[in-house]
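These notes concern the structure reproduced below.
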Amino acid sequence: MKNWDLKREGEALPLSPESRPGRRSRRRSVRAIRLRKAARDFSWLAVLFVCLILLYSEMRRLGAEISPDGVTTHFQFERCETGFLSTCVVDGDTFFLNGENIRLADIDAPEVAARCAREAKLAARATRRLQALLSQGHLALVKPGADKDGFGRKPRIVMRDGRSIGDTMIAEGLARSWDRRYESWCG
């Protein structure tokens, strides 16, 4: 309750001109109210903007993973050479798809950390070929068994147009069928 509204025995209290609200103080209070309202509106806009950015990034992430029909969207795969592993190829049988580490479950390809010159040369060719195959178009990822292997990778059979990319790599001599045991590529 404002002091100019106070009444003593039915009469208004006399106020001195200094204590009575004037035009100047009313303008300040209106300006302050407008500033507070603008700040409140701006904070809601900032929250809405952040939510939209998070929603967009989540939609991109979900669109890049396996959809209900198992088909992913088209990506351009790079080599995994930096610390940021989003959508890139590690070697001839391992790649990242939108941050998820995926291993081709049906093949074994030469390792980039090779034990001999022959394996190093084959590993480089297999890595380049897998990069090209993955970048050609839409993929279907089929989960053959366990969700993750012992290295935390997701084993998947990667299909395009009903054919396994692993089969293509085997046919080109850049990989062999994976039977869950290591065999040397050195000879």
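The values are calculated or read from the model by the stated rules, or taken from the named source; none is laboratory data. All values reported here derive from a predicted model rather than from experimental measurement. Reconstructed Cβ throughout: ideal geometry from the backbone, glycine too, with neighbour counts over all protein chains shown.
Can you say whether Leu122 is out of contact with any Pro (no Cβ under 6 Å at 6 or more places or on another chain), buried (at least 19 other Cβ atoms within 10 Å of the Cβ) and on the phi < 0 side of the Ramachandran plot, as far as the supplied structure shows?
No; evaluated as a whole, the condition is false for this residue.
Which of the residues belonging to region 159-187 are outside any loop (DSSP other than H, G, I, E, B), exposed (fewer than 15 other Cβ atoms within 10 Å of the Cβ) and without any contact (Cβ under 8 Å) to a residue 40 or more places away in the chain?
If we filter region 159-187 for residues that are outside any loop (DSSP other than H, G, I, E, B), which is where we start, we get 159-160, 163-171, 176-177.
The next check asks that each one be exposed (fewer than 15 other Cβ atoms within 10 Å of the Cβ); those that pass are 163, 171, 177.
If the condition is that a residue be outside any loop (DSSP other than H, G, I, E, B), exposed (fewer than 15 other Cβ atoms within 10 Å of the Cβ) and without any contact (Cβ under 8 Å) to a residue 40 or more places away in the chain, then Arg163, Ala171 are the ones that fit.
Limited to region 125-154, what total is found for residues that are under 13 Å from Asp93 (Cα atoms), in contact (Cβ under 8 Å) with a residue 40 or more places away in the chain and surrounded by fewer than 18 Cβ atoms within 10 Å (Cβ to Cβ)?
2
May I ask you to say which residue of Glu100, Glu65, Glu81 is charged (D, E, K, R) and at pLDDT 85 or above?
Glu100
For region 77-84, check the following and say yes or no: at least one residue is in contact (Cβ under 8 Å) with a residue 40 or more places away in the chain and more than 21 Å from the chain's Cα centre (by Cα).
The answer is no, given that none of the residues of region 77-84 is in contact (Cβ under 8 Å) with a residue 40 or more places away in the chain and more than 21 Å from the chain's Cα centre (by Cα).
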